[in-house]
Amino acid sequence: MRRNGYDPYHGRSRGRTALKILIVILLVALALSVAALLFLEPYIRYSSDGVRVELPPIFQSGGETEPDEPAGSVPIQVVTPEPTPTPTPEPEETFRGLSLSLEKLEQADTLLEEAGATAAILPVKTEEGSLNYQSQTTWGTSSTQTGINDTITDFTGGDLYTAAYLSCFRDNTLPRTDRALSIHSSSGNWWDDKQVRWISPLSEQARAYVVQVCAETAALGFDELILDSCSFPDRGTVSAIKTDSNYASDARTQTMETFFQELETALKDYPELKLSVVTSLEVLRGEDDGSGLTLELLERYADRVLVALPEGETAPELDGLEVVPIVTAGAETGSWAILEQKTGETAE
């Protein structure tokens, strides 16, 4: 019964309070679920096996992790440089030359193998002054053998390394043909300890002749020219040489430089051709042996030098210039050259 317009008070309803609490709990759970869904969305993976959540490592192991790199970035790799080893220079091909007569060209492979040689040396101009090929010179020194040039070019065009041996100014023929070309003594043509005459490097005609022979030899296809007696005389009784227009002690080195310059010009069309010079141990030591050759000239114009060594001597080491010992028998190591030289006939 209402009193004074008011219902009687019966106290709070416990059911309504519980309902409110339940509603609040559900609202909080819903909010947490939405927040969790938004947070976990990048880690939800859908596949044929169902839906799975792949949490980042920080939630899996409880440890720290590196932040993701921006898309398109390149990972920085720190590379510790290793010391660059100094390359070991490869040794040049060893020169082991064996002199062969032109009559033995067909046996060259066998003879070189038996001797342990790597190069065939063919005598092109001998100390007698004769030429072992058909030349364009007019001095009567050319070979008369038919087809000899073709035989030589066929040989030099093969697989073997070939070198031509030329006795340059030691020439037993031209001084008898024209004494104006020769080195003189007080009684006529001078000759050395083997009774072989010499033409003079001071003679322009003599130099031109030797240069022509070298150029013709290069045209035959040789890989290398070996120039012997490419100097003024350094053997025999040099004191008996007469000082005249063909011999002057103060002009020897300059004359030899002139010769090398003329030869260099004549061989300009053969840039791969190697040039070797037979010289003395004194020259390689920087001493004067009377030949007009110097170590400076050889270093400038030659690719290598050949030298006969006295017993017990070793070849000196020179920067940029290979030294090849002249021997009578080959060896299994090092470079060497066997040069067969004929003795000149008795001088007139």
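Data overview
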item	result
Amide hydrogen neighbours beyond the local backbone of Leu306, cut-off 5 Å, H modeled	Val277, Val278, Thr279, Val324
Beta bridges per DSSP with both ends in region 96-338, % antiparallel, nearest 5	20 percent
Residues with amide H under 5 Å from that of Leu293, placed H, sequence gap 5 or more	Phe232
Spin-label model distance (nm) - Val24 vs Glu282, 7 Å beyond Cα toward Cβ	12.4 nm
Long-range HN-HN contacts of Trp336 with modeled amide H, under 5 Å	Phe95, Arg96, Gly97
Rounded FRET efficiency, nearest 0.05, which uses the C-beta distance separating Ile326 from Gln254 and R0 of 30 Å	0.65
Under the Karplus curve 6.51 cos²θ - 1.76 cosθ + 1.60, θ = phi - 60°, whole-Hz ³J(HN,Hα) for region 193-205, x wherever Gly or Pro sits	5, 9, 6, 10, 7, 10, 8, 8, x, 6, 7, 4, 5
Antiparallel content of DSSP bridges confined to region 254-348, in %, to 5	10 percent
J(HN,Hα) series, region 98-104, from Karplus relation 6.51 cos²θ - 1.76 cosθ + 1.60, nearest Hz, glycine and proline x	10, 6, 10, 6, 5, 6, 10
Simple Cβ-charge dipole of region 96-338, Lys/Arg +1 and Asp/Glu -1, about Cα centre, in debye nearest 20	920 debye
Computed E for Glu106/Ser187 - FRET, C-beta separation, R0 51 angstrom, nearest 0.05	0.65
Theoretical FRET efficiency, 1/(1+(r/R0)^6), r = Cβ-Cβ of Asp269 and Arg235, R0 25 Å, to 0.05	0.15
Length released on extending from Glu299 to Ala35, taking residue separation times 0.36 nm less the Cα-Cα span	86.2 nm
Fully extended contour minus Cα-Cα distance, from Gln145 to Ala308, at 0.36 nm per residue	55.4 nm
Solution diffusion estimate, µm²/s, Stokes-Einstein, region 217-348, Kirkwood Rh from C-alpha pairs, 25 °C, viscosity 0.890 mPa s	150 µm²/s
Fully extended contour minus Cα-Cα distance, from Asp178 to Thr137, at 0.36 nm per residue	13.3 nm
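Taken together, the values in this text are just the output of simple stated rules run on the coordinates, not laboratory data. Note that the structure is predicted; figures quoted are calculated from it, not measured. As a convention, Cβ positions derive from the backbone with ideal geometry for all residues, glycine included, and neighbour counts pool all protein chains shown.
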